[in-house]
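Encoded as structure tokens, here's the structure I'll be asking about.
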Amino acid sequence: MKIFVCIKQVPDTETKIKISPDQTGIDSAGIKWVLNPYDEYAVEEAVKLRDANPGSQVWVLSAGPKTRVVESLRTALAMGADEAIVINAENLDNFATAKALAEVIKAEGGAKVIFSGKLAIDDNASSVSQMLAEFLNVPHSTVVSKFTFAGENVVVERDVEGGAKEVVQMMTPAVVGANKGLNMPRYASLPGIMKAKKKVIKEVEFASLNIPATDVKVKYSGMTLPAEKPPVKMISGDAAAQASELVKLLRDEAKVL
Amino acid sequence: MGKVLVFTEHTNGNLKRSSMELLQAAAKSGNTVVAVAFGSHAGDVTAAAGHNGANEIYVVKDASLDSYNPEAFTANIASVVEKVQPTILLASASATGRDLFPRVAARLNTGVASDCTELNISGDTVTATKPMYSGKCFAKVNFENSPVKIVLMRANQLPVAAADTSKSATVVEHAAAKPDLKTLIKEIVKGASEKLDLTEANVIVSGGRGLKEAANFKMLSDLADVLGATVGASRAVVDAGWVGHGMQVGQTGKTVAPTLYIAVGISGAIQHLAGMSGSKVIVAINNDPNAPIFQKATYGIVGDAFEIVPKLTEEFKKALHH
Ligand SMILES: Cc1cc2nc3c(=O)[nH]c(=O)nc-3n(C[C@H](O)[C@H](O)[C@H](O)COP(=O)(O)OP(=O)(O)OC[C@H]3O[C@@H](n4cnc5c(N)ncnc54)[C@H](O)[C@@H]3O)c2cc1C
Ligand SMILES: Cc1cc2nc3c(=O)[nH]c(=O)nc-3n(C[C@H](O)[C@H](O)[C@H](O)COP(=O)(O)OP(=O)(O)OC[C@H]3O[C@@H](n4cnc5c(N)ncnc54)[C@H](O)[C@@H]3O)c2cc1C
């Protein structure tokens, strides 16, 4: 069977963000790009599923500027994925991204299971997986920390509010958005890295997918850095004095009690 | 003026605060406010919805909507949208909201802005602001090509005024859509905590490795009980198995936005700050004066958590029960 994994390349958390002069994005100079952390769980689960089902194949798919996004695809290949596709695109929103991913998956003959991350740590939107599922007309589940495959269906455990969990059964094909806890992503092995370097990554131009311009639904503008925080107010004295001073400040100054 | 549809969330008929925020914001915009509530207890929400600004409420009173099913909820939201024809749809960026509305947006061929912290409605134009790159910057989200502009707001971002009990909403009973489902919710395992979820909590008391061992979290829950707070944790203690992953705050945990966040024995690693820097007031308690958490804090106490926390619990008890 065919297993797809959608991956996004994102700036490393430690990266310092500078805003572009037109305020519609960030200045990409000097940014260290990494595979979205949740997508590592997605890749790992796909590889495990493939290994448990002989004859299966893992395809990784990413939309973004091909010159840099291929790096993350190679990381996924080095972790054990079999094939990779890049959709060369820039400035898509979540809707158009999901549409493009769906079109390519359909064109490749569909998939039994499609893994994604629960969210991308840059936009923090957690929207692409659900939109993708809708465009493919298949069920989805996000924030998944346990996955079992039973051919005609899959059973997942998803984390919801207040530490609650839902056990959900979905008919395949299905989209599964990975949360932390699903597995321990493997490190790419040296032979894996060597093999990944030699792989041909299939390229698809976004323009060739015939997705109308009206499929971009939201645009960012006016990006700003957070306002400077006033410096911290340190509270001195012994423990008892500190405690009573803090309570006073929270009540009278911050007015949060 | 157009119509704003507000998806309300409730616990057995008790309207959540996050939904009151949305109803009141919608009412302030001058548009007609239409609420929608799902499930057997949906009818119990009508009074509260009216008191908080709804002109009308669509009640889809059906047991098939008692627990969240993405396919069933998508079909039912789509059916209400078709009837109401709103230009704006507001929902909370809760576990349900975040999972549901992107799918709804795809079905309705419209745009969705997730995880927003500011909302500006003028006529049928909406601009929302959302934090990006773990709160390191903010972007304005503008809608295009979107017949229904869907905005998902984080909880505790909008003010809530006292309910106006003189107001009421017209109730419209709406029949449930029953699509063929490929998704089956087999079981819901209740969380250990009866407290508000971290993402909705107004006050959070969070602990880190400075607490030394799992048993010492008791000290934090005592403090939390006095404050009506939810207890959170750093990843270090989640990974150590002291508390469940549902309690983790941060980049790979939950993004929280309380009014008050008290960080005890947490160093303030960038991945932790990513989840909590949107808190209005941050208190840091740490025995290392150079801990990075102090750079983000509003108030800082250098000291031993084991001395400070019990004292604080006492002081809050006094202050809050007078
Ligand atoms: C220069 C620039 C400008 C941008 N301008 C805008 C803008 O104006 N408006 C706007 O909305 N967005 C803009 N974006 C952001 C962006 O392209 C989409 O919003 C994004 O692809 C959707 O991802 P998300 O962060 O919402 O993903 P989420 O929904 O949080 O991601 C969930 C999962 O979906 C999958 N996924 C997400 N994105 C991709 C992808 N590209 N390829 C493969 N899998 C993916 C991953 O598995 C991921 O874990 C811009 C990006 C760039 C680089
Ligand atoms: C990809 C990635 C994702 C991550 N995601 C997250 C995340 O979501 N959330 C998260 O929290 N972390 C996350 N981390 C981990 C993060 O980098 C830190 O390791 C973690 O936050 C540290 O937890 P801590 O502050 O509890 O522990 P430590 O860094 O060990 O800090 C303990 C603090 O307690 C203080 N202390 C000790 N004794 C006392 C005492 N008696 N009284 C008062 N103070 C005391 C110490 O001075 C110290 O500052 C992530 C890391 C990576 C690489």
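Any residue at all in the range A:80-101 that is out of contact with any strand residue (DSSP E or B) (no Cβ under 9 Å at 6 or more places or on another chain), more than 10 Å from ligand 1 (Cβ to nearest atom) and basic (Lys, Arg)?
Yes, some residue in the range A:80-101 is out of contact with any strand residue (DSSP E or B) (no Cβ under 9 Å at 6 or more places or on another chain), more than 10 Å from ligand 1 (Cβ to nearest atom) and basic (Lys, Arg).
Residue-by-condition table, conditions (1) in contact with a Leu (Cβ under 6 Å, 6 or more places away or on another chain); (2) crowded, with 22+ Cβ neighbours inside 10 Å; (3) of a type in the set (A, V, I, L, M, F, W, C):
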site: B:ALA128; (1), (2), (3): yes, yes, yes
site: B:VAL141; (1), (2), (3): no, yes, yes
site: B:LEU158; (1), (2), (3): no, no, yes
site: B:THR165; (1), (2), (3): no, no, no
site: B:ALA169; (1), (2), (3): no, yes, yes
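Of all residues in the range A:135-153, count the ones that are touching a residue at least 24 places away in the same chain (Cβ under 8 Å) and facing chain B (nearest Cβ under 9 Å). Please lay out each step first, then the result.
Step one: of the range A:135-153, the residues touching a residue at least 24 places away in the same chain (Cβ under 8 Å) are A:135-136, A:138-147, A:149.
Next, from what is left, pick out any that are facing chain B (nearest Cβ under 9 Å): A:135, A:138-143, A:145.
Residues that pass the stated criteria total 8.
Okay, moving on. Tell me, which residue of the range B:258-287 that is without any contact (Cβ under 8 Å) to a residue 40 or more places away in the chain and within 14 Å of B:ILE308 (Cα to Cα) is farthest from ligand 1 (Cβ to nearest atom)?
Only one residue tops the list, namely B:ILE285.
Checking the condition more than 14 Å from chain A (Cβ to nearest Cβ) and more than 16 Å from ligand 1 (Cβ to nearest atom), which residue from B:SER92, B:SER40, B:SER67 passes?
Residue meeting the stated conditions: B:SER40.
Can you pull out the strands (runs of 3 or more DSSP E) entirely within the range A:101-171 that have at least 2 residues that are farther than 24 Å from B:LYS190 by Cα? Can you show your working first?
Values: elements: A:113-117, A:140-149, A:153-159, A:165-171.
In the range A:101-171, A:113-117 are the strands (runs of 3 or more DSSP E) which contain 2 or more residues that are farther than 24 Å from B:LYS190 by Cα.
What strands (runs of 3 or more DSSP E) lie completely within the range B:160-240 and have 1 or more residues being away from ligand 1 (no atom under 16 Å from the Cβ) and more than 11 Å from every other protein chain (Cβ to nearest Cβ)? Reasoning before the result, please.
Working: elements: B:170-173, B:183-189, B:203-207, B:230-233.
Hits in the range B:160-240: B:170-173, B:203-207, B:230-233.
Mind counting the residues in the range A:101-128 that are within 8 Å of chain B (Cβ to nearest Cβ) and either away from ligand 2 (no atom under 16 Å from the Cβ) or more than 25 Å from B:ASP115 (Cα to Cα) (or both)?
Selection size over the range A:101-128: 4.
Within the range A:177-257, considering only strands (runs of 3 or more DSSP E) that don't extend past its boundaries, which have at least 1 residues that are more than 10 Å from every other protein chain (Cβ to nearest Cβ)? Reasoning before the result, please.
Numbers: elements: A:202-205, A:218-224, A:233-235.
The strands (runs of 3 or more DSSP E) meeting that bar are A:202-205.
Consider the range A:56-108. How many of its residues are surrounded by fewer than 19 Cβ atoms within 10 Å (Cβ to Cβ) and of a type in the set (Ser, Thr, Tyr)?
Looking only at that region, the number is 2.
Read-outs: derived from the displayed coordinates by stated rules, not from any lab. Just so it is clear, the structure is predicted and the values come from calculations on it, not from any experiment. Every residue, glycine as well, gets a Cβ built from its backbone with ideal geometry; the counts of neighbours run over all protein chains shown.
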